[in-house]
Amino acid sequence: MRRKLVAGNWKMHGLQADLAQLTALNATHPAPAIDILICPPATLITAACATCEGSAMQIGGQDCHARASGAFTGDLSALMLKDAGASAVIVGHSERREAHEESSEIVRAKAKAAHAAGLTAIICLGESLAQREAANTLDIIAGQLSLSVPDSAAAANTVIAYEPCWAIGSGLTPSPEQIGEVHDFIRARLTTRFGAAQADGMRLLYGGSVKPGNAAEIFAIPDVDGALVGGASLKADDFSPIINALESAA
């Protein structure tokens, strides 16, 4: 059985005072039946790890460079994230693909770097609204999956997050049938490429306007192993019900 995972992406939010939200989550969920990962801004990773020391909560990064070191002002390597205490890193988020024009080939290189550093790579995939309306979703997902996931991917070091771009932060959510179709498609593609043993162990997350009100419905969909949560992960009072919903589905 795949252990369920809920990951919170704080994006460009969070100051030292906001670490109190992690303290509150740890107090509410001292022994969770699922994996909980928080990806704060890089400035808070070390402090977040200290805050969560001795708890079940894990800390991750939001992005990494494909190189281990070098003259890349402002960038962080996967090794730096690992050294700061992170256990995972998000790569290929639609906001990176769009705002920073990151191709699937770049995402692949970042995921490979994450694996080399001993981090779990959470590789994001997703279509735009125009692509969804043109019935091109599965073609887009197939291309991103093929080009973004490196050969080093395995059940132990890779999580795939399906995040339709049009649902992120919009309040819109695909129907359970639409989510299920994409997750089934991803699982089948992973099985073809990596074999049943590895593919069956890779966790598939859904992301895009996940909130307490719709979490239970999303987690009831087959092949949804958890969620990558944005805004609702910033406050313990909002994130905790999502954790509870996933534990109920586990």
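The values are calculated or read from the model by the stated rules, or taken from the named source; none is laboratory data. Because the structure is predicted, anything quoted here is derived from the model rather than measured. Glycine also receives a Cβ, built like all others from the backbone with ideal geometry; neighbour counts cover every protein chain displayed.
A few points about this structure:
- Residues that are out of contact with any Cys (no Cβ under 6 Å at 6 or more places or on another chain), under 17 Å from ASP223 (Cα atoms) and either hydroxyl-bearing (Ser, Thr, Tyr) or part of a strand (DSSP E or B) (or both), drawn from the range 135-172: THR158, VAL159, ILE160, TYR162
- In the condition set (1) farther than 20 Å from GLN21 by Cα; (2) crowded, with 18+ Cβ neighbours inside 10 Å, SER103 is compliant with all but (2).
- Restricting the range 121-140 to residues that are crowded, with 24+ Cβ neighbours inside 10 Å and touching a residue at least 40 places away in the same chain (Cβ under 8 Å), the residue that is nearest to the chain's Cα centre (by Cα): ILE122
- Residue count for the range 37-88 satisfying the condition of being assigned to a helix (DSSP H, G or I), under 19 Å from ALA7 (Cβ atoms) and among the small types (Gly, Ala, Ser): 5.
- One residue from GLY180, GLY143, GLY169 being on the phi > 0 side of the Ramachandran plot and either touching a residue at least 12 places away in the same chain (Cβ under 8 Å) or of a type in the set (S, T, N, Q) (or both): GLY169
- Scanning the range 141-182 for residues that are acidic (Asp, Glu) and either crowded, with 19+ Cβ neighbours inside 10 Å or over 15 Å from VAL224 (Cα atoms) (or both) yields ASP151, GLU163.
- Answer residue from the range 3-46, given it is on the phi < 0 side of the Ramachandran plot, surrounded by 15 or more Cβ atoms within 10 Å (Cβ to Cβ) and charged (D, E, K, R) and is farthest from the chain's Cα centre (by Cα) among those: ASP18
Residue-by-condition table, conditions (1) closer than 21 Å to VAL210 by Cα; (2) at pLDDT 95 or above:
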| residue | (1), (2) |
| --- | --- |
| CYS124 | yes, yes |
| ALA135 | no, no |
| GLN144 | no, yes |
| SER152 | no, yes |
| ALA155 | no, yes |
| ILE160 | yes, yes |
| CYS165 | yes, no |
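- Considering each residue of the range 228-235 in turn, none proves to be in a helix (DSSP H, G or I), over 18 Å from the mean Cα position of the chain (by Cα) and of a type outside the set (Lys, Arg).
- Selection count where residues are of a type in the set (Gly, Ala, Ser), part of a helix (DSSP H, G or I), more than 21 Å from SER248 (Cβ to Cβ) and in contact with a helix residue (DSSP H, G or I) (Cβ under 9 Å, 6 or more places away or on another chain), scope the range 10-36: 1
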